[in-house]
1. Over the alpha carbons of the chain, what is the largest minus smallest coordinate on each principal axis, giving the biggest first in Å?
2. Would you mind estimating how fast the range 10-103 diffuses translationally, via Stokes-Einstein at 25 °C and 0.890 mPa s with the Kirkwood radius over Cα pairs, in µm²/s?
3. Before anything else, pin down the relative contact order of the range 52-198: Cα pairs under 8 Å, at least 6 apart, normalised by residue count, whole percent.
4. In whole percent, and with a 1.4 Å probe on the protein chains, what portion of the accessible area of the chain is carbon and sulfur?
5. May I ask which residue of Met139, Pro75, Gln124 lies farthest towards the positive end of the charge dipole of the chain, with charges of +1 (Lys, Arg) and -1 (Asp, Glu) on Cβ and the Cα centre as origin?
6. To the nearest 20 Debye, how big is the dipole of the chain about its Cα centre, given +1 on the beta carbon of each Lys and Arg and -1 on that of each Asp and Glu?
7. What are the semi-axes of the equivalent ellipsoid for the range 103-179, taken as the square roots of 5 times the Cα gyration tensor eigenvalues, largest first, in whole Å?
8. How many nm separate the modelled label positions at Met101 and Ala114, each set 7 Å beyond the Cα in the direction of the Cβ?
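The values are calculated or read from the model by the stated rules, or taken from the named source; none is laboratory data. What you see is a predicted model; the values in this text were computed from it and never measured. Heads up, the Cβs are rebuilt from the backbone with ideal geometry, glycines too, and the neighbour counts pull from every protein chain shown. Heavy atoms of the whole protein, side chains included, go into the accessibility calculation; ligands, DNA and RNA do not. Shrake-Rupley method; radii C 1.70, N 1.55, O 1.52, S 1.80 Å.
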Amino acid sequence: MEPPPVARAAGHRVPLRERKIILDRDTTRAELEAASPTARVPVLLDGELAIWESLAICETLAEWFPAAGLWPADPGVRAQARSAATEMHGGFANLRGEMPMDLTLRTRVTPSPATQLEIERICQLWRDCRARFGAGGDMLFGTWSIVDCMYAPVATRFRSYGVALDPVCAAYVDAVLATPAMRAWTEEAELEAAGSAP
C-alpha cells in the first residue's frame with residue numbers, strides 16, 4: 001500500500017489521505033453516515049478518533065503541528081485571530097444562504113440588504129486585520145493561518161457572485177485564490193463539474 005499523499009492544509013504540508021464524498025448522489029447519505037458522526041463534512045479521522053466541525057479540525061491541526069504556526073504566536077494577536085475565525089464559523093447566515101459556495105460559478109447578483117450588511121462587516125473585519133496585523137504577507141494576519149482557512153470560502157463567494165470590493169479586500173481575495181491549495185481546489189471543482197473528476 002502506498003503512503004498517504006502529502007496534502008496542503010492551511011498553507012502547510014501535512015501528511016493526510018483525503019476521502020472525497022460526492023454530494024447529491026444516491027449513495028451520499030450512507031457514505032456520510034459511515035464517515036462522520038454528524039453525517040456532514042468536513043470530518044478529520046485519525047484511527048477511531050473523529051473530529052468534526054471545521055474550526056475544531058483547525059484547532060486540532062494547530063495542536064498536532066505546532067511548528068506550522070497556524071495561529072499567530074503572540075497571545076493577544078492570537079486572541080484577535082480566534083475572534084475573527086469564530087465570527088466566520090458561527091455567522092453570516094444570510095451570505096451563506098443567498099450566495100452558496102460554488103467554485104465554478106461566475107455571475108453577478110444584487111445582495112439583499114441583510115446580506116449586504118454582512119458583506120460590509122466582513123470587509124470591515126478584513127481591512128482591520130490587514131491594517132493591524134497584516135505586515136509581512138498578503139493574508140489577514142500576514143502569513144497564511146486558520147483565519148484565512150475560515151474566510152477562503154467567503155473569498156470564493158465574492159468572486160463567484162461578482163461582489164464589488166475595495167482595493168484592500170480585492171487584493172486579499174486575489175491572494176487567497178492564488179494560493180496553491182485554492183488553485184488545486186478550484187481545478188478539482190472544475191473537473192468535477194465537467195464530469196471528469198478522478
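1. 48, 40, 27
2. It diffuses with D of about 158 µm²/s by this estimate.
3. Rounded, it is 26 percent for the range 52-198.
4. Carbon and sulfur: 55 percent of the exposed surface of the chain.
5. Of the listed residues, the answer is Gln124.
6. The calculation lands at about 380 debye.
7. Its equivalent ellipsoid spans semi-axes of 21, 14, 10 Å.
8. Result: 2.1 nm between the two label points.
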